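Here's the structure, in structure tokens; my notes come after.
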Amino acid sequence: MELTKETVQKQLDERILPFWLSLEDKAQGGFYAKVAADLSIDKQADKSAILMTRYLWALSAAYPVSETKGLLEAADQVYQFIVDYLLDEDQQGLFWSVTYDGQAKVTQKHIYVQSFAIYAFSEYYKVSQKESSLKLAIDLFNLIESKAYLADDSGYHEEFTSDWQPHSATLMGPKGEATYYSTNALLHLLEAYTNLYQVYPDSRLSKRITHLLALFKEYIVSEEGHCYTEFHRDWTPLNSDISYAHDIETAWLLYRSLEVLEKTNDSDYVALVQRIVQSVLEEGLDDQGIILDHYHSGQKSQIKQWWSLAESVIGFYDAFSRTKEVQFKRLAQSHWEFIQAHLMIPGQLSEWLPHVDESGQVVETKSTSLSDGWKGPYHTVRMYVEMLGRLS
């Protein structure tokens, strides 16, 4: 199947969005949080803030480009669920998770969660014009800057207790570490701040985005073009791991920030973006030209994750748009074809399969859920929305 505006639109409207909308929890609010490979729904699975905010972002982002009915109404509903149950009115910020019926479950605070809330609230504001949503996004920006930013080392502490006391890593990142930085958290903070800046062009926010870009340039991206994944507080890497999928995602998100700040004429940053893409091209693809998952302990994983493939379609097409090098367009096409051949379940209203091997067989040793606390509509819906804009 060719990667065209028409094929992308048809799949988004007829398969992907209807699947996610079908999971709305009309009894308790929000969306059901776990769907097995056989499409059975666990209606009592805990609802993570990551998943609920990703729903809000995806529904809001899809609304302007899709005629699928009920998108804005569903966004209104999950927004209210987040505000009513995941938002901590006493201590500020969002909990990590609540039970299926909205009772606080894991009450730690993490800047990754707060970042996705900013990303979602600012996107929802674009389509709803609800001032309350914009205010929440701005309040979370100020909260992160006051509680998490470490001026001495120029980074951000990531995990906190419910009352915002610094906590060692338990939820994500290098487990047990108390003083570290992770590229994953910083990348999505940059993503969130950039999205907020589009509706809140504040000078302080602009400075924080510029600062985050500088962290990628100075510390995070290696000379070879890979992003180190985790750091000590002095910015020396904690390990030699490489996440090729995060690399290609980082490339296009960095360029998006440059676009929003109107800095695409900065040759140093543009070269940095291209260096990342080139590293993936040279080291991060398998024999079929499909992205590898990661490098760890001297081994390159052949597993294909749904989100890695989604980010590769965007990232390589973004590289083609910037450079006009046809090889990148071909890579976007080949990743799209792999998705169609191996991640789409024929004849079913379904989301992409989560993990397959290089031949497209389901990896049973990894999660097979179509939706869970991490796998929501974010990466897939974003690929469709981004490609609709890029292919128009």
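The values are calculated or read from the model by the stated rules, or taken from the named source; none is laboratory data. Given the structure is predicted, the values throughout are model-derived calculations rather than measurements. Don't worry about glycine lacking a Cβ; one is built from the backbone with ideal geometry, like all the others, and counts go over all protein chains shown. Note: areas computed on protein heavy atoms with side chains; ligands, DNA, RNA excluded. Shrake-Rupley method; radii C 1.70, N 1.55, O 1.52, S 1.80 Å.
Tell me which residues, restricted to the stretch 146-168, are surrounded by fewer than 17 Cβ atoms within 10 Å (Cβ to Cβ), of a type in the set (A, V, I, L, M, F, W, C) and part of a strand (DSSP E or B).
The one that is surrounded by fewer than 17 Cβ atoms within 10 Å (Cβ to Cβ), of a type in the set (A, V, I, L, M, F, W, C) and part of a strand (DSSP E or B): L150.
Yes/no matrix, rows are residues, columns are (1) aliphatic (A, V, I, L, M); (2) out of contact with any Asp or Glu (no Cβ under 9 Å at 6 or more places or on another chain):
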| site | (1), (2) |
| --- | --- |
| A74 | yes, no |
| I82 | yes, yes |
| E89 | no, yes |
| L94 | yes, no |
| K105 | no, no |
| Y124 | no, no |
| K135 | no, yes |
| N142 | no, yes |
| E145 | no, yes |
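Table: residues versus (1) in a helix (DSSP H, G or I); (2) without any contact (Cβ under 8 Å) to a residue 24 or more places away in the chain.
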site	(1), (2)
T170	no, no
A178	no, yes
A185	yes, no
V199	no, no
K207	yes, yes
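Collect the residues in the stretch 264-286 that are free of Cβ contacts under 8 Å to residues at least 24 places away in the same chain and among the charged types (D, E, K, R), keeping them in residue-number order.
Those that are free of Cβ contacts under 8 Å to residues at least 24 places away in the same chain and among the charged types (D, E, K, R): D266, E282.
Report yes if G93 is in contact (Cβ under 8 Å) with a residue 24 or more places away in the chain and more than 21 Å from the chain's Cα centre (by Cα), otherwise no.
Working: in contact (Cβ under 8 Å) with a residue 24 or more places away in the chain: yes; more than 21 Å from the chain's Cα centre (by Cα): no.
When the stated conditions are applied, G93 does not pass them.
Between K69, K109, K105, which is basic (K, R) and crowded, with 18+ Cβ neighbours inside 10 Å? Walk me through it before giving the result.
On the way: K69 fails: crowded, with 18+ Cβ neighbours inside 10 Å; K105 fails: crowded, with 18+ Cβ neighbours inside 10 Å.
Answer to the selection: K109.
Taking the stretch 296-332 on its own, how many of its residues are of a type outside the set (V, I, T), open to solvent by 40 Å² or more (accessible area, probe 1.4 Å) and not in a strand (DSSP E or B)? Give the derivation first.
Narrowing the stretch 296-332 to residues of a type outside the set (V, I, T): 296-302, 304-312, 315-322, 324-325, 327-332.
Okay, now just the ones that are also open to solvent by 40 Å² or more (accessible area, probe 1.4 Å), so 296-300, 302, 321-322, 324-325, 327, 329-330.
Now restrict to residues that are not in a strand (DSSP E or B): 297-298, 302, 321-322, 324-325, 327, 329-330.
Summing the residues that are of a type outside the set (V, I, T), open to solvent by 40 Å² or more (accessible area, probe 1.4 Å) and not in a strand (DSSP E or B) in the stretch 296-332 gives 10.
Please enumerate the residues belonging to the stretch 84-101 that are open to solvent by 30 Å² or more (accessible area, probe 1.4 Å) and not in a loop (DSSP other than H, G, I, E, B).
D84, Y85, L87
With respect to Y32, determine if the residue is open to solvent by less than 40 Å² (accessible area, probe 1.4 Å) and either touching a Pro at 6+ places or on another chain (Cβ under 7 Å) or closer than 16 Å to H379 by Cα (or both). Write out each step before concluding.
Details: open to solvent by less than 40 Å² (accessible area, probe 1.4 Å): yes; either touching a Pro at 6+ places or on another chain (Cβ under 7 Å) or closer than 16 Å to H379 by Cα (or both): no.
For Y32, the condition - open to solvent by less than 40 Å² (accessible area, probe 1.4 Å) and either touching a Pro at 6+ places or on another chain (Cβ under 7 Å) or closer than 16 Å to H379 by Cα (or both) - is not met.
What residue, of L39, L51, L56, L72, is farther than 16 Å from G376 by Cα, touching a residue at least 24 places away in the same chain (Cβ under 8 Å) and hydrophobic (A, V, I, L, M, F, W, C)? If you could, list the steps in order and put the result at the bottom.
Values: L39 fails: farther than 16 Å from G376 by Cα; L51 fails: farther than 16 Å from G376 by Cα; L56 fails: farther than 16 Å from G376 by Cα.
After ruling out the rest, the residue left standing is L72.
Which residue is least open to solvent (accessible area, probe 1.4 Å), if the candidates are limited to the stretch 242-265 and must be more than 22 Å from F316 (Cβ to Cβ) and not polar (S, T, N, Q)?
Within the stretch 242-265, the first condition is being more than 22 Å from F316 (Cβ to Cβ), and the residues that meet it are 261-263, 265.
The next check asks that each one be not polar (S, T, N, Q); those that pass are 261-263.
On the way: L261: 24, E262: 154, K263: 65 Å².
That would be L261.
Tell me, which residue of the stretch 196-219 that is out of contact with any Ser or Thr (no Cβ under 8 Å at 6 or more places or on another chain) and polar (S, T, N, Q) is least open to solvent (accessible area, probe 1.4 Å)?
My answer is S206.
So is G376 part of a helix (DSSP H, G or I) and under 30 Å from L171 (Cα atoms) or not?
Numbers: part of a helix (DSSP H, G or I): no; under 30 Å from L171 (Cα atoms): yes.
No, not satisfied.
On the basis of being hydrophobic (A, V, I, L, M, F, W, C), within 28 Å of L71 (Cβ to Cβ), touching a Lys or Arg at 6+ places or on another chain (Cβ under 7 Å) and surrounded by fewer than 17 Cβ atoms within 10 Å (Cβ to Cβ), does L349 make the cut? It would help to see each step written out before you state the result.
Values: hydrophobic (A, V, I, L, M, F, W, C): yes; within 28 Å of L71 (Cβ to Cβ): yes; touching a Lys or Arg at 6+ places or on another chain (Cβ under 7 Å): yes; surrounded by fewer than 17 Cβ atoms within 10 Å (Cβ to Cβ): yes.
When the stated conditions are applied, L349 passes them.
Does any residue of the stretch 120-140 turn out to be open to solvent by 10 Å² or more (accessible area, probe 1.4 Å), over 26 Å from I220 (Cα atoms), out of contact with any Lys or Arg (no Cβ under 6 Å at 6 or more places or on another chain) and assigned to a loop (DSSP other than H, G, I, E, B)?
yes
Go through (1) open to solvent by 10 Å² or more (accessible area, probe 1.4 Å); (2) within 22 Å of I339 (Cβ to Cβ) and name the single condition G284 misses.
(1)
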